[in-house]
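Here the structure is laid out as structure tokens; the discussion comes afterwards.
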Number of protein chains: 2
Amino acid sequence: METKPEFTWSCPIPVKDTPQVLMAHGGGGRMMHQLVDGMFRQAFRNDLLDQGHDAAVFGVGAGRMAFTTDSFVVRPLAFPGGDIGSLAVNGTVNDLAMSGARPLYLSCGFILEEGLPMETLWQVVRSMRRAADQAGVSIVTGDTKVVDKGKGDGLYVNTAGVGVLEHALDIRPSSVRPGDLVLVNGDIARHGMAVMALREGLAFEADIASDCAPLNGLVRDLLDSGVEIHCLRDPTRGGLAASLIEIAGASGQEIRLEEEKIPLHEDVHAACEALGLDPLYVANEGKLVAFVPEKHAGRALERMRAHPQGAEAQVIGRVVEARAGRVILNSRIGVARIVDSLSGEQLPRIC
Amino acid sequence: METKPEFTWSCPIPVKDTPQVLMAHGGGGRMMHQLVDGMFRQAFRNDLLDQGHDAAVFGVGAGRMAFTTDSFVVRPLAFPGGDIGSLAVNGTVNDLAMSGARPLYLSCGFILEEGLPMETLWQVVRSMRRAADQAGVSIVTGDTKVVDKGKGDGLYVNTAGVGVLEHALDIRPSSVRPGDLVLVNGDIARHGMAVMALREGLAFEADIASDCAPLNGLVRDLLDSGVEIHCLRDPTRGGLAASLIEIAGASGQEIRLEEEKIPLHEDVHAACEALGLDPLYVANEGKLVAFVPEKHAGRALERMRAHPQGAEAQVIGRVVEARAGRVILNSRIGVARIVDSLSGEQLPRIC
């Protein structure tokens, strides 16, 4: 049903005529249509987008759907392992997957700053298309606004997404039960440190690539294997700590983590130490935590490890009955401490 | 099913403690949760938002759905007749309605500039809730980002929306047929001139209020009356001209407009003249054009006029067979001219 374009990967807007985004590109006139039709529709092409109406219309079967949104303001726009485009697609794909949905369609809302190089915009658009293909979703509707120079930061992008639930599970924090094991699909803190190392010009920056990746394939494999998933969450802003604290709070359960089980690459660890950051609080963009009953944990771990996004999967903790939801970390040296919310961020504008 | 909150309409974040938005409000930590839980969840409260997960999950019946998005960057944030909040809700509600869908759920993605007064944010949030109630939709999922001072303009907001189609019509440009009549539900160019007059400090600014309003009720009335609607469009950015040029192009038909039939209030006309603007190209936010077969036009006009959003509805033109899609305006003085695309905008950042 989807038509994949023959598509040259060179910027379809003649850069020598309009090397930069102008206010007129957001004005609803000819120049906006040149940008929308010439670049966005070409790059994202699919049957629904080709409807060319204010909204994309598609058929659905009876059942449950998921709907989510995220805006992306990462600085700089590109970093080792990804850019704002791949982040914007994978971020929303992953939010849908965390509700147990199969992601179907994405929207794309650009806020462009006057003066943005047209070539930069094209890189981002191309990256979004690649990421959408990789995740198996289509960008079916969009919007473009341009703001004056000095009122943005190159570009911001919002994606929203819809998906369908094709199972009967209630995958959410309130489904977490005492006895559940907590799994993570790989090493933590890479996205945040990739961006931060680049910003700070750290010498080891070249070694750390963001983990930015779609997680819907991994979730589908878990569901197909019959694992009874209680909760999923992608620990992005605020890192593993923020996600687990939120789930503990919402479920009223206590989560006990084993620090030594949490995968952390040595280069990321070193970068965190150099900047005085705790990797538990650093953003990931290709990681998920899964809460599953103990009897299903072995199968879940096996399925995760068989998937490219889960080769380093580990069981990192356990849910125990408690009077108040909280997260306890048993450290490498055998000391238990409460994992607390930070008041703000360690890392601004990381996604 | 939806729970309407008892809700005090005073800012739920203690303004004396945090009078302004800080970078930490976007960081995924405690301050972000205070803002999201304390303000957004309180104001938008509904069962789906209360799920508190990454995505909202809801049941749907088999059929067709619509999905759309828009970002809003209007400057200034408030203007006579509305603000960025009511605009953001009504804009997406109307895009859904223009596809013939009944709008159900909206997402809300904020990009806040560090230093934004908390009270300003609260005004916008409150306005969104009011507009959502008026349109009969719920804001069920959201996201908040904060960017550094000088990298935004107070706040930008994206809304995406989903709705259901409950009829069998194909409401889109390619359904337009020779012989169709073109109806508009009221006077044009008010939104653009309300914003522009305010920006320019024109003396008559107080007289012009934006037409910002939800159009889904009006569309529902038309559908309920059995009118065979061929196409609907809300002429926002680029005004009536841009919308009709686009429909003419997409349908390959010629649209002939009668200038004297197009409702235009005298104060708006005067403001346009003072600023040298053509009202045909000025944005509306509570208007739609409807293409209907001639035999249904009388009933359509009657239903429109019976609705609060359609009291001044008029038949303003007709579709004729043509070899190339274009729009012709028969002027008040009896001269016919082609209505052309502008290259850029007359009015930047109008929505």
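Every read-out reported here was derived from the displayed coordinates using simple, explicitly stated rules and does not represent laboratory data. On a predicted model such as this, the values are computed, not experimentally measured, just so you know. Here the Cβ is made from the backbone with ideal geometry for all residues, glycine too, and neighbour counts use every protein chain on show.
Label reach from A:A270 (point 7 Å along Cα→C-beta): in the range A:186-226, amide nitrogens under 20 Å belong to A:187-211. The same position B:D278 in the other copies lies at 6.3 nm from this copy, comparing label points 7 Å beyond Cα toward the beta-carbon, shortest first.
Binning the C-alpha pair distances of the protein assembly as shown at 20 Å intervals from 0 yields a P(r) profile of 18, 52, 25, 5, 0 %, listed from the shortest bin outward. Between copies, how far does the label point of A:R332 sit from its twins, in nm, shortest first, when each point is 7 Å from Cα along Cα→Cβ? Reported distances to equivalent positions: 8.1 nm. Over the range B:173-338, what is the relative contact order in whole percent, taking alpha-carbon pairs under 8 Å and six or more residues apart? With pairs under 8 Å counted, the relative contact order is 43 percent. Taken along the Cα-to-beta-carbon direction at a fixed 7 Å, the label points for A:R130 and A:Q42 span 1.8 nm. A simple charge model with +1 on the Cβ of Lys and Arg, -1 on the Cβ of Asp and Glu and nothing else charged puts the dipole of the range B:173-338 at about 580 debye relative to its Cα centre.
Which entries of A:K287/B:K149; A:K149/B:K145; A:K149/B:K16; B:K149/B:K287; B:K145/B:K287; A:K16/B:K151 have Cα-Cα distances beyond 24 Å here? Violating the 24 Å Cα-Cα cut-off are A:K287/B:K149; A:K149/B:K16; B:K149/B:K287; B:K145/B:K287; A:K16/B:K151.
Projecting the Cα positions of B:F79, B:Y105, B:V57 onto the charge dipole of chain B (unit charges on Cβ atoms of Lys, Arg, Asp and Glu, taken about the Cα centre) puts B:V57 furthest along the positive direction.
Arranged from fewest to most other beta-carbon atoms within 10 Å of their beta carbon, B:K16, B:K149 become B:K16, B:K149. Dipole magnitude for the protein assembly as shown: about 620 debye, using +1 per Lys or Arg Cβ and -1 per Asp or Glu Cβ, origin at the Cα centre. From the Kirkwood radius over Cα pairs of the range B:15-165, Stokes-Einstein at 10 °C and 1.306 mPa s returns a whole-number translational diffusion coefficient of 101 µm²/s. Here B:K261 yields copy-to-copy label distances, from shortest upward, of 7.3 nm, the label point defined as 7 Å from Cα along Cα to C-beta.
Can I get the semi-axes of the range B:208-347's equivalent ellipsoid? Compute them from the C-alpha gyration tensor as square roots of 5 times the eigenvalues, in angstrom, largest first.
Three semi-axes, in Å: 23, 20, 14.
I need the Kirkwood Rh of chain B: take the reciprocal of the average 1/r across all distinct C-alpha pairs and report it in angstrom. It would help to have the intermediate numbers written out before the result.
Working: mean 1/r = 0.0473 Å⁻¹.
Across chain B, the inverse of the average 1/r is 21.1 Å.
Placing unit charges on the Cβ atoms of the charged side chains and taking the dipole of the range A:173-338 about its Cα centre, the candidate lying farthest along the positive direction among A:I316, A:A283, A:S175 is A:S175.
Between B:R220 and B:A324, what is 0.36 nm times their sequence separation minus the Cα-Cα distance? Round to one decimal in nm. Let's see the in-between values first.
Working: separation 104, 0.36 × 104 = 37.44 nm, distance 3.23 nm.
Between B:R220 and B:A324, full extension yields an extra 34.2 nm.
Taking only C-alpha pairs under 8 Å that are 6+ residues apart, what is the relative contact order of the range B:15-165 in percent?
Details: 272 pairs, mean separation 57.9, N = 151.
About 38 percent, as a whole number.
When shorter helices are ignored and each DSSP H run of at least 4 residues is given -39500 (n - 2.57), the per-residue value for chain B at 222 nm works out to -8500 deg cm²/dmol.
With the charge dipole of the range A:173-338 set up from +1 on Lys and Arg Cβ and -1 on Asp and Glu Cβ about the Cα centre, the Cα lying farthest toward the positive end among the listed residues A:V292, A:N185, A:L202 is that of A:V292.
If you plug the beta carbon distance of A:K295 and B:I333 into 1/(1 + (r/R0)^6) with R0 = 60 Å, you get a FRET efficiency near 0.10. Between the helical axis of B:84-98 and the longest alpha-carbon principal axis of chain B there is an angle of about 50 degrees.
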